[in-house]
1. List the residues whose amide H sits under 5 Å from the amide H of Gln61, counting only those 5 or more places along or on another chain, with H placed 1.01 Å from N in the peptide plane.
2. What number, in percent, do you get for the relative contact order of region 39-140 if the mean sequence gap of Cα pairs under 8 Å and at least 6 apart is divided by its residue count?
3. Suppose every Lys and Arg Cβ carries +1 and every Asp and Glu Cβ carries -1, with no other charges. What dipole size does region 39-140 come out with about its Cα centre, to the nearest 20 debye?
4. Quick check for you: which residues of region 78-108 have the amide N under 15 Å from the point 7 Å beyond the Cα of Asp141 toward its beta carbon?
5. Quick one: Arg138, Arg63, Arg41, fewest Cβ neighbours within 10 Å first, how do they rank?
6. Under 17 Å from a point 7 Å along the Cα-to-Cβ line of Lys59: which residues of region 83-119 have their amide N that close?
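Values quoted throughout were computed directly from the atomic coordinates according to the rules given, and no laboratory measurement underlies them. Keep in mind that this is a model prediction, so the values were computed, not measured. Cβ: placed from backbone, ideal geometry, glycine included. Neighbour counts: every protein chain shown.
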Amino acid sequence: MSVLSQRWKLSAPYSCACIFLLIPIFLYASDRDRLLSQGYRAVCRYVVDGDSLYLQGVKQQIRLWGVDAPERNEKGYGLAKDELKKLALGKMLICVTQDKDKYNRLVAKCFVDDPANDNLFEINKAMIDSHRALEYCRFSDGYYGHCDS
């Protein structure tokens with residue numbers, strides 16, 4: 001057996017292990033890059049209520065896709081608005097437009113973008129999972145798994 005084949009035999013498992021360790025980094029980068037190419041990246045400058053916000057430099061209001069938070073005159077309004085503030089206000093977001101609604105708002109999936117900590121999470125899902133808002137099943141078709149069958 002040649003020296004080269006012996007060296008390859010020893011290093012091949014380590015090379016494979018290194019490649020598998022790097023895959024999550026590439027997946028994160030590709031997901032983040034894909035979102036960036038499809039949406040707006042800006043700081044959340046104002047939270048309207050539990051399912052709407054504004055981004056710096058974006059004129060139109062953004063409505064969170066698939067999220068139904070209580071309105072101003074409904075029980076839970078303040079808690080939902082406070083939850084969205086905690087998740088989004090002052091943070092860098094990536095919002096990917098899904099549609100426009102009848103009020104000409106951008107309907108979007110929004111993600112907190114924190115590349116320094118390899119963190120990218122969806123605000124829409126977080127609002128529903130917090131139970132401060134419901135899944136808007138009429139539009140989401142059960143995407144978040146909180147709709148009755």
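1. Leu106
2. Over region 39-140, the number comes to 31 percent.
3. On the way: 17 positive and 15 negative charges, 79 e Å.
Its charge dipole is roughly 380 debye.
4. 98-99
5. Ordered from fewest to most neighbouring Cβ atoms within 10 Å, Arg138, Arg63, Arg41 come out as Arg138, Arg41, Arg63.
6. Taking a point 7 Å out along Cα→Cβ of Lys59, the residues of region 83-119 whose backbone N falls under 17 Å are 100-101, 103-107.
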